[in-house]
Amino acid sequence: MKNKRGMLSRFYTGNKGMTLIEILIVVTIIGIVMTVVGAGVMKKFRQARMQTSRLAMQQVASAITAYQLDHGKIPSASEGLKVLVGDYLDSDKNLQDSWGHDFHYEVPGPKGQPFEMISDGPDEQGGTDDDIKYSDIKQ
């Protein structure tokens, strides 16, 4: 059956809509682009959280130094970092990493350092390769 233009009506109906195949191709392309872009964004987001945790550790280390100047010693392991809240830090939130977990505090620290602070990092498990250690930042 032919239409007015001489083409088979089966191939040309005059509709300007998209076929299901065209829609699926567009959705697939958008999915691929979002996967590539999303992976890059997530990597940057993880790096930003790690950097925020490092900065928080440096802030707590400054508070430990101020405590040491006032008391002649750093907080003991039994006192912990909570002794800094109030006079040296605003709240308990300052004693947490970017994932909302408290820093681990050890006295004495490694290699002759007076103390060590450790964040469990993105996997939130201690003793793994992604842990953030204050002694590594300080160098």
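Some notes on this structure:
- Residue satisfying all of: in the stretch 56-75; outside any helix (DSSP H, G or I) and out of contact with any Pro (no Cβ under 7 Å at 6 or more places or on another chain); farthest from PRO108 (Cα to Cα) among these: GLY72
- Selection within the stretch 110-139: residues that are in a strand (DSSP E or B) and aliphatic (A, V, I, L, M). The member of this set that is surrounded by the most Cβ atoms within 10 Å (Cβ to Cβ) is MET117.
- Taking the stretch 67-102 as the range and being of a type in the set (S, T, N, Q), modelled with pLDDT of 85 or more and surrounded by fewer than 11 Cβ atoms within 10 Å (Cβ to Cβ) as the test, only SER78 passes.
- When ASN15 is tested against (1) assigned to a helix (DSSP H, G or I); (2) loosely packed, with under 12 Cβ neighbours inside 10 Å; (3) modelled with pLDDT under 90, only condition (1) is not met.
The values are calculated or read from the model by the stated rules, or taken from the named source; none is laboratory data. Keep in mind the model is a prediction, meaning the values are calculated, not measured. Ideal geometry is used to build each Cβ from the backbone, glycine not excepted, and the neighbour counts take in all protein chains shown.
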